[in-house]
Structures are given as structure tokens and as C-alpha cells.
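The values are calculated or read from the model by the stated rules, or taken from the named source; none is laboratory data. The structure presented is a predicted model; accordingly, all values stated were derived computationally and were not measured. With ideal geometry, Cβ positions are generated from the backbone for all residues, glycine too; neighbour counts draw on all protein chains shown.
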Amino acid sequence: VKCVGILTSGGDAPGMNAAIRAVTRAAIYNGLQVKGIYRGYKGLVTGEIQEFKSQNVSNIIQLGGTILKTARCKEFMTVEGRQIAHETMVKEGIDALIVIGGDGSLTGARIFAQEYDVPCIGIPGTIDNDLYGTDTTIGYDTALNTILDAVDKIRDTATSHERLFFVEVMGRDAGFLALNGAIASGAEAAIIPEFSTEVDQLEEFIKSGYRKSKNSSIVIVAESEITGGAMHYAERVKNEYPQYDVRVTILGHLQRGGSPTANDRILASRLGAASIDAIQEGQRNVMVGIENDEIVYVPFTKAIKNDKPINKELVNVLRTLSI
Ligand code: ADP
């Protein structure tokens, strides 16, 4: 490998810039050429590509978003689109691809690497933390801290008015942000997709003695078709328990923004450097991750299985501490 292409794809996450910087600098350090591909896989189809020198990634480690932009690319979902992408790579002399993104982006990389003899390395970049084989993903810690900040503020007004708040957080079909956000903000409960088919989490919350000694309550709800979202629970409470004063806050896209936390910058720096090590070692079709503070290579097929388990201990901690 002489030249690596790098792109950010799918949903953006704080810390993607730190990862772009790390990949670029580690590649140059190892004598490789680097090309930045704009707007995810779209840039491979349209040829929007630029050579990156060390200075191109100066002063970006602290920035949210992604300087390479991100996009969803329908063409790349087709055989013809991926053929154009491959032709672009050949033309540009790019002989390995580093993809920073979530589940969907790594699925695209896996399919592309099956069709063409191109080493593809994935870097987990998503606030949802839903990639298997890595303890956390780039952006997750920052989003969690944003949630804390928001819930602390909601707590002030919830307490003043003695209200029950349902706060909806992101996570797609994973409850990591909701569960850990609830523990860290001292919320009374979390409603997460992982348990939605097992128990009625609202009933459980009310039965566990909601309002025994409290003058406000905050329930964090993971956005997901499986949970139905915060609105769904607020409507249910209004119908079934009209005595409660209920409000809903949907945090939305503010969870995707902001300057990355120290943890996310360090994670992104380590994974970015590890992606170049992986290429140098001849790895292909793997995601770089961190497990128990060690770099690991996780085959794409395993990383995108999408059933990363929720730690039951965390569920118990939340339950125990919210009495
Ligand atoms: P994320 O990476 O955040 O999960 P998406 O699911 O939107 O985001 O995927 C991002 C992009 O990855 C898509 O727009 C598409 O270009 C590519 N992609 C996703 N799934 C596939 C697939 N099955 N085949 C080819 N490309 C895919």
C-alpha cells in the first residue's frame, strides 16, 4: 500500500476530525500518501478528492463535525455505483480505504471489499456506541456529556414545578446513551429498546414507587421504533395516570455537535493511528476497536452484527440508586 484514502460517512459524531488528523499524520509518519475523500462514499463516485498533507489537518482536533463532510450515498448501494467508486480509486492511485462511520458505513465497506481487492479498514465513529467488539465508539462520550448538561438543566425546572419529564435521547436501536445518561444525570429511570419486549418499563417505573419521596422525576427514553419514543410514554401517562403533570423534551441533533471530550479525542487518536498499523500489518476488512484498553481488530461481519449487549450491572445500579 502506497496511498490511503480516508472518508467519513453516515451520521456525524464529535471526534471524527480528531480521527481524520490521526489517520493523516500516522500515514505520513509511515511514508504513505493520504487522500481525503469528501462527503462519504459520494466523493468516490463524484471524484471529490484532495491530497492531505500534515498541515491540512492542523488545528482540527478540537472541532466537532467533520471537515471531510459526511453524506448518505445511494449510488454506493448499487453494483454500478461501487464500480464507479473503484474506477475513481484506481484513477487516483488510492490502494487502501479507511472508513470512519457507523454500522451502515462499515456494511458498505464490507461489501466493497468483497467485490474488489482493496484493503478496507473501519474506524467506529458514531454517538450510538452500537458497534460490537469495541468498548466505545468515537463521539459517544461527548454525546453522553451533552445529555448530562441538558438533563441537569431540565432537572432545575422539573423540580420547581414538580413535574414528570420524559427526555428522549438518540441511540438508534441501542440504549447505551439512555442508560448511562440516566445513571450519570441521576435520572429516575431509563427506557431502552433492549428490554422493550421483555417488560413494560413504564409500568415498572410507576410500580416501583414513582413519587414516593420526590418532587420531580426524569425518565430518559431511547429514541427507537422499538420503544416508541418519549411522546409515546407521555401520552400513555396522560391517559393512564392523569394526576401527573407530564412534559417531554426531545434533545435531537444537539447531541451530535460540540467539541469532543478528552476521552473522544484520545480514542480517535488511538484508533486513527491503529488503522494505519492495521494496513501496514496487511489487515483487511476489519474495524479497529478498543477492548479493555487494548487495540483490537474486529472483522466487519462481527462488528456490524448489531447486538452489542447492555451490561446488566448498569441496569441494576440505576434501579438501586433511584429509590
Ligand atoms: P451509519 O454509518 O451512520 O450507520 P448509514 O446507515 O446511513 O450510516 O450508512 C452510510 C452510508 O453507507 C450509506 O449512505 C451508503 O452509502 C453506505 N451503505 C450503507 N449500507 C450499505 C450497503 N448495504 N451496501 C452498500 N453501501 C451501504
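Among the helices (runs of 4 or more DSSP H) confined to the stretch 248-323, the ones with at least 1 residues that are free of Cβ contacts under 8 Å to residues at least 40 places away in the same chain and crowded, with 18+ Cβ neighbours inside 10 Å are located at 262-280. Listed by first and then second residue, the pairs with beta-carbon distance under 9 Å, at least 6 apart or on different chains, first residue in the stretch 182-194 and farther than 16 Å from V237 by Cβ, second among the basic types (K, R) and assigned to a loop (DSSP other than H, G, I, E, B), are P193/R172. Consider the stretch 50-82 and keep the residues that are without any contact (Cβ under 8 Å) to a residue 24 or more places away in the chain and within 14 Å of the ligand (Cβ to nearest atom). The one that is nearest to D12 (Cα to Cα) is K74. Does the stretch 114-129 include one or more residues that are in contact (Cβ under 8 Å) with a residue 12 or more places away in the chain and of a type in the set (D, E)? Among the residues of the stretch 114-129, at least one is in contact (Cβ under 8 Å) with a residue 12 or more places away in the chain and of a type in the set (D, E), which makes the answer yes. All of N17, N56 fail the test of being modelled with pLDDT of 95 or more and over 17 Å from the mean Cα position of the chain (by Cα), apart from N56. Of all residues in the stretch 35-47, those that are under 12 Å from G81 (Cβ atoms) have Cβ atoms under 6 Å from Cβ atoms of residues that are more than 13 Å from the ligand (Cβ to nearest atom), 6 or more apart or on another chain, in L44/T88. All but one of (1) surrounded by 15 or more Cβ atoms within 10 Å (Cβ to Cβ); (2) closer than 22 Å to N316 by Cβ; (3) touching a residue at least 24 places away in the same chain (Cβ under 8 Å) hold for T197, so report the exception by its number. Just one mismatch for T197, condition (1).
Among residues of the stretch 83-112 being near the ligand (Cβ under 9 Å from one of its atoms), among the hydrophobic types (A, V, I, L, M, F, W, C) and not in a strand (DSSP E or B), the one that is surrounded by the fewest Cβ atoms within 10 Å (Cβ to Cβ) is I111.
Looking only at residues that are surrounded by fewer than 24 Cβ atoms within 10 Å (Cβ to Cβ) and at positive phi in the stretch 25-49, which one is farthest from the ligand (Cβ to nearest atom)? Steps first, please.
Going residue by residue through the stretch 25-49, those that are surrounded by fewer than 24 Cβ atoms within 10 Å (Cβ to Cβ) are 25-26, 28-33, 35-36, 38-39, 42, 45-49.
Filter once more, so that each one left must be at positive phi: 31, 39, 47.
On the way: G31: 30, R39: 10, G47: 16 Å.
Looking at the filtered set, the residue picked out is G31.
Which of the residues belonging to the stretch 286-301 are at pLDDT 95 or above and touching a Lys or Arg at 6+ places or on another chain (Cβ under 8 Å)? Break it down stepwise before answering.
First, pick out the residues of the stretch 286-301 that are at pLDDT 95 or above: 286-300.
Those that are at pLDDT 95 or above and touching a Lys or Arg at 6+ places or on another chain (Cβ under 8 Å): I290, I295, F300.
Scanning for something part of a loop (DSSP other than H, G, I, E, B), within 16 Å of the ligand (Cβ to nearest atom) and surrounded by 19 or more Cβ atoms within 10 Å (Cβ to Cβ), does the stretch 224-235 turn up at least one residue? The answer is yes, given that some residue of the stretch 224-235 is part of a loop (DSSP other than H, G, I, E, B), within 16 Å of the ligand (Cβ to nearest atom) and surrounded by 19 or more Cβ atoms within 10 Å (Cβ to Cβ). If we keep just the residues of the stretch 113-151 that are crowded, with 20+ Cβ neighbours inside 10 Å, part of a loop (DSSP other than H, G, I, E, B) and of a type in the set (S, T, Y), which is nearest to the ligand (Cβ to nearest atom)? Looking at residues that are crowded, with 20+ Cβ neighbours inside 10 Å, part of a loop (DSSP other than H, G, I, E, B) and of a type in the set (S, T, Y), I get T126. Residues that are outside any strand (DSSP E or B) and more than 15 Å from S322 (Cβ to Cβ) are absent from the stretch 207-220.
Residues checked against (1) in contact with a strand residue (DSSP E or B) (Cβ under 9 Å, 6 or more places away or on another chain); (2) surrounded by fewer than 20 Cβ atoms within 10 Å (Cβ to Cβ); (3) assigned to a loop (DSSP other than H, G, I, E, B); (4) of a type in the set (G, A, S):
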position	(1), (2), (3), (4)
G5	yes, no, no, yes
V23	yes, no, no, no
N56	yes, yes, no, no
G64	no, yes, yes, yes
F76	no, no, no, no
